[in-house]
Amino acid sequence: MKEKPGGIAAVTIIYYSFSAQTASLVKAMAHGLETGGIRVEKIRLVPRQILRFPLRSILRTFRMMLTTFLRRRITIAAPKEMRQNPDLIILAGPTWSYNPSGPVLYFLDRYGRQYLGGMAVLPLISCRGYWRLHAAGLKRMLRRCAAEPLTPLVFTHPNPEPWRTIGVFLKIAGRTPEKSPLLKRHYSRFGHSHEQIIRAEEYGRVLARSLAAGTEIKAACGELAALVKVERDRFHQNSPPKGQTTG
């Protein structure tokens, strides 16, 4: 870990959020890092074209699924410059049709080497449930940017399948599956649970303690990713599909 003024470690979080799910995780984790004594800077990726959620159309939702599956880039405004020299960068965003989102793909193509070159990058993935292709593609792109990709932190929606996929599709299309007599018993609310958001804040504190103790960046992030995986698996095994909030 690099030495910082006063021995304080620094983390920069670069993120895109479409439906506020990634933003909720980022806010919670940033707060955990800050309460643990880490200097945190957040840089939000902003598309030049307004992307509205929900899309309010079944046809537009199908079209979005196709274009995102084909990894269509979405142009973003130039990100703000980093005000600090971070020890670690967290790159956060949702999974779109098994891939990183269009704004993140554009960022990596256009600005990846400038912002991430030579840095350890910890991916934070918010997704319905299918994240492995996203993680593998992101790893390849980060390496092309001369960054060091670390084991990702993955947050999946806690609803069981197939209701999770059906519910997310309908929600993006502007429907309310959580109010449907046929679906609400299986899909009570869109997104991550309140517990997951609380845990994201705790993960920030865990990482902050590791960095403060002088743990090497890759080891600290690897231990955290393992903890997230264990708790994610346990959560899906034990949690009923009720009482969920967005994430």
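Considering only residues that are more than 16 Å from Tyr98 (Cα to Cα) and in contact with a helix residue (DSSP H, G or I) (Cβ under 7 Å, 6 or more places away or on another chain), which ones fall in the stretch 126-152?
Those that are more than 16 Å from Tyr98 (Cα to Cα) and in contact with a helix residue (DSSP H, G or I) (Cβ under 7 Å, 6 or more places away or on another chain): Leu142, Cys145, Ala146, Ala147, Pro149, Leu150, Thr151.
Of all residues in the stretch 159-208, which are of a type in the set (Gly, Ala, Ser) and touching an Asp or Glu at 6+ places or on another chain (Cβ under 7 Å)?
Of everything in the stretch 159-208, just one residue is of a type in the set (Gly, Ala, Ser) and touching an Asp or Glu at 6+ places or on another chain (Cβ under 7 Å), namely Ser188.
What pairs can you find where one residue is in the stretch 163-178 and crowded, with 17+ Cβ neighbours inside 10 Å, the other is of a type in the set (Phe, Trp, Tyr) and in a helix (DSSP H, G or I), and their Cβ atoms are less than 9 Å apart, with a gap of 6+ or different chains?
That search, which allows pairs on different chains as well, returns Ala173/Phe62; Arg175/Phe169; Pro177/Trp163; Pro177/Phe169.
In the stretch 87-98, which residues are under 29 Å from Ala219 (Cβ atoms) and part of a strand (DSSP E or B)?
Result: Leu88, Ile89, Ile90, Leu91, Ala92, Gly93, Pro94, Thr95.
Assuming Gly117 fulfils every condition listed in (1) farther than 20 Å from Leu25 by Cα; (2) in contact with a Lys or Arg (Cβ under 7 Å, 6 or more places away or on another chain) apart from one, which condition is it?
(2)
Taking Asn159 and the conditions (1) buried (at least 22 other Cβ atoms within 10 Å of the Cβ); (2) part of a loop (DSSP other than H, G, I, E, B); (3) modelled with pLDDT of 95 or more, which numbered condition does it fall short on, given that it satisfies the others?
Only one criterion is unmet by Asn159, namely (3).
Scan the stretch 135-162 residue by residue and report those that are under 13 Å from the mean Cα position of the chain (by Cα) and farther than 20 Å from Ala200 by Cα.
Hit for the stretch 135-162 is Leu138, nothing else.
Considering the stretch 1-50 alone, what residues qualify as being among the charged types (D, E, K, R) and modelled with pLDDT of 95 or more?
Lys27, Glu34, Arg39, Glu41, Lys42, Arg44, Arg48
Within the stretch 17-31, which residues are surrounded by 23 or more Cβ atoms within 10 Å (Cβ to Cβ) and in contact with a Lys or Arg (Cβ under 7 Å, 6 or more places away or on another chain)?
Matches in the stretch 17-31: Val26 only.
Mind checking which pairs have a first residue in the stretch 49-65 that is part of a helix (DSSP H, G or I) and a second that is surrounded by 13 or more Cβ atoms within 10 Å (Cβ to Cβ), Cβ under 6 Å, 6 or more apart or different chains?
Note: pairs meeting the criteria are Ile58/Ala173; Thr61/Leu55; Thr61/Ile172; Thr61/Ala173; Met65/Ser97.
What are the residues in the stretch 90-111 that are in contact with a helix residue (DSSP H, G or I) (Cβ under 7 Å, 6 or more places away or on another chain) and either farther than 25 Å from Gly191 by Cα or surrounded by fewer than 15 Cβ atoms within 10 Å (Cβ to Cβ) (or both), if any?
Leu108, the sole residue that qualifies.
Within the stretch 99-146, count every residue that is touching a Cys at 6+ places or on another chain (Cβ under 9 Å), among the charged types (D, E, K, R) and either part of a loop (DSSP other than H, G, I, E, B) or free of Cβ contacts under 8 Å to residues at least 12 places away in the same chain (or both).
0
List every residue pair whose Cβ atoms sit under 8 Å apart, with the two residues 6 or more apart in sequence or on different chains, where the first one lies in the stretch 204-219 and is over 17 Å from Ala92 (Cβ atoms) and charged (D, E, K, R) and the second, anywhere, is crowded, with 16+ Cβ neighbours inside 10 Å and at pLDDT below 95.
Close Cβ pairs (under 8 Å, with a partner that is crowded, with 16+ Cβ neighbours inside 10 Å and at pLDDT below 95) amount to Glu216/Met1.
Starting from residues that are among the small types (Gly, Ala, Ser) and over 19 Å from the mean Cα position of the chain (by Cα), keep the ones in the stretch 56-110 and report whichever is farthest from Ala173 (Cα to Cα).
Ala78
If Leu142 meets every condition in (1) surrounded by 16 or more Cβ atoms within 10 Å (Cβ to Cβ); (2) modelled with pLDDT under 95 apart from one, which number is that one?
So Leu142 meets the others, but not (2).
The values are calculated or read from the model by the stated rules, or taken from the named source; none is laboratory data. Remember, predicted model here, so these are calculated numbers, not experimental data. For neighbour counting, all protein chains shown are included, and Cβ atoms are generated from backbone atoms with ideal geometry for every residue, glycine included.
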